[in-house]
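Visitor: Pasting a structure here, questions to come.
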Amino acid sequence: MSQVVTSRRLRAIDMAARKAEGRKIIALTAYHAHTASILDEHCDFILVGDSLGMVMHGMETTLPVTLEMMIVQAQAVMRGTKRALVVVDMPFGSYEASREQAFMNAARVLKETGAGAIKMEGGARFAETVAFLVERGVPVMGHIGLTPQSVNTMGGFKVQGRGEDGQRRLMEDARAISQAGAFAIVLEGIVEPVARAIAADRSLAAATIGIGASSECDGQILVLEDMLGLSDRVPKFVKRFGSLRGQIEAAVRDYAEEVRSGRFPAEENTY
Ligand code: KIV
């Protein structure tokens, strides 16, 4: 009997396998088909983050991002990828009111995009919602620490986990979300010793994904535009692995100059 070997997309469950094997989980954000297609081969998961509000649309916070915006960009990322797990952020106001609201909107995201999981911000107080979704077939990634959707109640984008109380609360958040069935938890903007302690907690089944957290996390994520050097201001935890802003400016300058001087379009660019 012949066997057809087809490559399949990574799933939430594969992140747990990577954690168990001690293989680092590689993740970046993407909002477009073309950038997602470049990431696909190198990332275990691609996050369609609600950071798209700030990065793509120039918003000051992620609060105005709508479910419709998330769905359109997640569809684009799904079209551009074949291999990576695609995780879609639930935007502010789409899951906090009740477990039922969270399920209806998460189900809509999975149905309309074909993505493999959703991400929700919040700690222990959302554990019940996480369990409700997971029991109904929605793979959930948690997100604790600096949760940008809470910018107004946190009083700004502030590093979390300082002091004994801060450390204890984050530990409790991570345990509650993991016990509720989340397959992974993003640890964002957390002081390193606390993030390290969470990552080292053997009672956590969920994989820890760091951003401004600790190298000891099971994986790391960055916003693509930040690490490519497209964003003009980035936080300390971002390393710029490229300098695309300068390259794009140089290309646009050359284009403008060639159009002005009549060198573009040349004979080889015309029919
Ligand atoms: O929205 C986003 O891009 C995120 C990452 C920073 C983790 O939540």
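No value in this document is a laboratory result; all are computed from the given coordinates. Here the structure is a predicted model, which means the values were calculated and not measured. Cβ placement follows ideal geometry from the backbone for every residue including glycine, while neighbour counts extend to all protein chains displayed.
Visitor: Quickly work out the Tyr271-to-Gln101 label distance, labels modelled 7 Å from Cα along the C-beta direction, and quote it in nm with one decimal.
Guide: Roughly 5.3 nm, to one decimal.
Visitor: Right, another one. If I take every Cα pair under 8 Å that is 6 or more residues apart in the chain, average their sequence separation and divide by the length, what percent do I get for the relative contact order?
Guide: The value is 16 percent.
Visitor: I would also like to ask the following. Would any residue of the range 110-130 have its amide N under 16 Å from a label point 7 Å out along Cα→Cβ of Glu172? List them or say none.
Guide: 122-128
Visitor: On to the next question. Binning at 5 angstrom from zero up to the longest distance, how are the C-alpha pair distances of the range 34-74 distributed in percent?
Guide: 5, 23, 26, 21, 16, 8, 1
Visitor: Based on alpha-carbon atoms only, what is the radius of gyration of the chain relative to the globular estimate 2.2 N^0.38 Å?
Guide: Against the empirical 2.2 N^0.38 Å value, I get 1.09 for the chain.
Visitor: Another question, if that's okay. Show the residues, 5+ positions off or on another chain, whose built amide H is closer than 5 Å to the amide H of Thr208.
Guide: Ile185, Asp218, Gly219
Visitor: How do the peptides 77-84, 132-139 rank, highest first, by the average count of neighbouring beta carbon atoms within 10 Å per residue?
Guide: The peptides rank, most packed first, as 77-84, 132-139.
Visitor: Right, something else. Normalized C-alpha radius of gyration of the range 186-236, against 2.2 N^0.38 Å?
Guide: Rounded to two decimals, the normalised Rg is 1.24.
Visitor: Pulled fully out, how much extra length does the chain show between His57 and Glu249, if you take 0.36 nm times their separation in residues and subtract their Cα-Cα distance?
Guide: Working it through step by step, the gained length comes to 67.2 nm.
Visitor: Moving on. From the residues Ala17, Val86, Val48, which one has its Cα farthest along the dipole of the chain in the positive direction, the dipole being from +1 and -1 charges on Cβ of Lys/Arg and Asp/Glu about the Cα centre?
Guide: Result: Ala17, furthest along the dipole toward the positive end.
Visitor: Can you show me the helix-derived [θ] at 222 nm for the chain, built from DSSP H runs with n ≥ 4 at -39,500 (n - 2.57) apiece and divided by the number of residues, rounded to the nearest 500.
Guide: Calculated mean residue ellipticity at 222 nm is -12000 deg cm²/dmol.
Visitor: Treating the angle as unsigned and between 0 and 90°, give the value, to the nearest 10°, between the Cα long axis of helix 67-80 and the longest Cα principal axis of the chain.
Guide: Around 60 degrees separate the two axes.
Visitor: Can you tell me the 0 to 90 degree angle between the C-alpha axis of helix 12-21 and the longest principal axis of the chain, rounded to 10?
Guide: 80
Visitor: Here is a follow-up. Pulled fully out, how much extra length does the chain show between Ala200 and Ser37, if you take 0.36 nm times their separation in residues and subtract their Cα-Cα distance?
Guide: So the chain would gain 55.4 nm between Ala200 and Ser37.
Visitor: Further question on the same structure: If each Cα of the range 91-206 is one equal point scatterer, what is log10 of I(q)/I(0) from the Debye formula at q = 0.13, 0.14, 0.23 Å⁻¹?
Guide: Calculated log10 I(q)/I(0) at the listed q: -0.48, -0.55, -1.29.
Visitor: Which length gain, in nm to one decimal place, applies between Val134 and Lys236 when the Cα-Cα distance is subtracted from 0.36 nm times their residue separation?
Guide: 33.3 nm
Visitor: Given the options Glu249, Glu60, Glu96, state which has the largest fluctuation in a GNM of the chain using a 10 Å cut-off (strictly under) for Cα springs.
Guide: Sorting by GNM fluctuation, first place goes to Glu249.
Visitor: Could the peptides 225-235, 22-32 be put in order, highest first, of the mean number of other beta-carbon atoms found within 10 Å of their residues?
Guide: So the peptides 225-235, 22-32, ranked by packing, come out 22-32, 225-235.
Visitor: Test of understanding: in a Gaussian network model of the chain with alpha carbons linked when under 10 Å, which of Met120, Met154, Met171 would top the mean-square fluctuation ranking?
Guide: For the chain, modelled as a Gaussian network with Cα springs under 10 Å, the answer is Met154.
Visitor: Whole angstrom only: what separates the Cα centroid of the range 47-101 from the Cα centroid of the range 204-271?
Guide: So the two Cα centres are separated by 20 Å.
Visitor: Would you mind checking the tilt of helix 163-179 against the longest principal axis of the Cα atoms of the chain, expressed as 0 to 90 degrees and rounded to 10?
Guide: 90
Visitor: Highest mean first, how do 48-55, 65-72, 200-207, 236-243 rank when packing is the count of other Cβ atoms within 10 Å averaged over residues?
Guide: 48-55, 65-72, 200-207, 236-243
Visitor: May I ask you to evaluate 6.51 cos²θ - 1.76 cosθ + 1.60, the Karplus curve with θ = phi - 60°, for each residue of the range 196-209 and list the ³J(HN,Hα) values in order in whole Hz, giving x for glycine and proline?
Guide: Result, rounded to whole Hz: 5, 5, 5, 4, 8, 5, 6, 7, 7, 7, 5, 6, 9, 10.
Visitor: Count the net charge of all other residues whose Cβ sits under 12 Å from the Cβ of Arg263, scoring Lys and Arg as +1 and Asp and Glu as -1.
Guide: In short, -4.
Visitor: Provide the percentage of antiparallel DSSP beta bridges, counting only those with both residues in the chain; round to the nearest 5.
Guide: The antiparallel proportion sits near 5 percent.
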